[in-house]
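Student: Just dropping this structure here.
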Amino acid sequence: MSDWGYAVILGVIEGLTEFIPVSSTGHLLLAKTFMGLPDGFWDTFAVLIQLGAILGVVALYFHRLWNVLIGLPTDPAARRFAISVLVAFAPAVVIGFALHDIIKQVLFESPRLICWSLIIGGAILLVIDRWSPAPRHHDAMKTPLVTAFGVGLVQCLAMIPGVSRSGATIVGGVMMGMDKRAATEFSFFLAIPTMVGAFAYDFYKNRGSIDLHQGEVIALGFAVSFVSGLIVVRYMLDFVQKRGLGAFGWWRIAVGAAGLIALALR
């Protein structure tokens with residue numbers, strides 16, 4: 001298969017898994033491993049195309065986000081929402097910047113770690129789906145700053161591939177009193193600065209090693225992840241509200257277990 005084919009497959013995987021709590025990075029890296037793709041460029045590809053899926057959130061929530069943006073000078077509610085997202089984003093800036101090389105060079109190269117992270121995270125989702133605190137916060141755009149900071153701290157666990165950024169933030173939000181829909185929606189909003197930051201930093205670190213062909217492959221994966229991500233975001237909130245998180249927990253466990261078996265048989 002050509003690089004273009006791999007880019008389409010990985011772009012679809014990214015878009016379908018970025019906003020559900022199953023770890024898009026974990027799925028991408030496992031797919032990369034079992035397709036026999038080399039480390040280096042494809043690890044960078046996995047990070048950079050995540051921004052494509054994130055733009056799906058921007059497209060779907062454009063009107064609300066635009067109202068927040070133009071309301072910042074005059075609307076206290078808009079400023080409070082923007083501050084809550086920045087407060088939640090801050091821990092990832094500090095820890096991501098400090099541990100970037102370790103994450104890319106060590107954690108990204110451990111398929112077994114990814115599989116175990118998927119399994120453990122799946123078990124946590126199953127527990128949270130059945131036993132969680134009574135929700136006190138029902139509007140993602142009115143998330144208290146303390147809650148936002150707590151969600152941001154939990155999000156940092158997702159720097160371990162397989163943990164899941166959306167999974168960590170949703171679980172963190174639910175444990176801090178948000179209902180599942182609000183926690184999921186806040187996870188969408190928090191993804192925007194988090195993934196823009198990850199994209200910018202990773203692109204800056206690797207800008208000299210990406211040639212024209214690789215740039216075109218990244219652009220294709222970026223576009224495919226945008227389209228598939230947009231589709232998922234449209235239906236994710238209603239699914240979580242009606243059916244909870246259990247299905248994602250079982251999926252994680254199944255993928256993690258299958259990955260461990262496949263690695264043992266290689």
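FYI, it's all coordinate maths here, none of it is from the lab. Worth saying up front: this structure is predicted, and the values here are computed from it rather than measured. Cβ: placed from backbone, ideal geometry, glycine included. Neighbour counts: every protein chain shown.
Student: By how many degrees, between 0 and 90 and to the nearest 10, does the Cα long axis of helix 246-265 differ from the longest principal axis of the chain?
Tutor: With rounding to tens, the tilt is 20 degrees.
Student: Given H placed 1.01 Å from N in the peptide plane, which residues other than close sequence neighbours of His137 have an amide H under 5 Å from its amide H?
Tutor: Correct list: Met178, Asp179.
Student: For Arg112 and Ala90 in one chain, what is 0.36 nm times their gap in residues minus the Cα-Cα distance, to one decimal in nm?
Tutor: 5.0 nm
Student: Scaled to the compact-protein estimate 2.2 N^0.38 Å, what is the alpha-carbon radius of gyration of region 35-185, rounded to two decimal places?
Tutor: For region 35-185, the normalised Cα radius of gyration is 1.15.
Student: Of the residues Ser166, Ser225, Ser132, which exhibits the maximal mean-square fluctuation in a Gaussian network model of the chain defined by a 10 Å Cα contact cut-off?
Tutor: Fluctuation is largest for Ser132.
Student: Between Tyr235 and Asn67, 0.36 nm times their residue separation minus their Cα-Cα distance comes to what?
Tutor: 58.2 nm
Student: Using just the helices of the chain, give the 222 nm mean residue ellipticity in deg cm²/dmol: DSSP H runs with n ≥ 4 each add -39,500 (n - 2.57), and the total is spread over all residues, rounded to 500.
Tutor: -26000 deg cm²/dmol
Student: What percentages, rounded to whole numbers, describe P(r) for the chain computed over all alpha carbon pairs with 10 Å bin width beginning at zero?
Tutor: 7, 31, 38, 19, 4, 0, 0
Student: By how many degrees, between 0 and 90 and to the nearest 10, does the Cα long axis of helix 212-243 differ from the longest principal axis of the chain?
Tutor: Helix 212-243 and the main axis of the chain meet at about 40 degrees.
Student: Ok, one more. Across region 3-265, how many lysine pairs separated by 8 or more positions, or lying on different chains, have Cα atoms within less than 17 Å?
Tutor: Value for region 3-265: 4.
Student: Sorting check: for 22-28, 196-202, which peptide has the highest mean count of neighbouring beta carbons within 10 Å, and how do the rest follow?
Tutor: Taking the mean over residues of other Cβ atoms within 10 Å, the ranking is 22-28, 196-202.
Student: Below 8 Å, C-alpha to C-alpha, sequence gap of six or more: please give me the relative contact order for the chain in percent.
Tutor: 38
Student: Just subtract the alpha-carbon distance of Arg79 and Ala98 from 0.36 nm times their residue separation and send over the number in nm, one decimal.
Tutor: Once the chain is fully extended between Arg79 and Ala98, it gains 4.0 nm.
Student: Test of understanding: in a Gaussian network model of the chain with alpha carbons linked when under 10 Å, which of Gly152, Gly15, Gly71 would top the mean-square fluctuation ranking?
Tutor: Highest fluctuation among the options: Gly71.
Student: How high is the FRET efficiency from Lys205 to Lys142, r the C-beta distance, R0 35 Å, rounded to 0.05?
Tutor: According to the calculation, E is roughly 0.45.
Student: While we're here: Compute the acute angle (0 to 90°) between the alpha-carbon long axis of helix 111-130 and the principal axis of greatest extent of the alpha-carbon atoms of the chain; round to the nearest 10°.
Tutor: Here the helix axis deviates by roughly 30 degrees.
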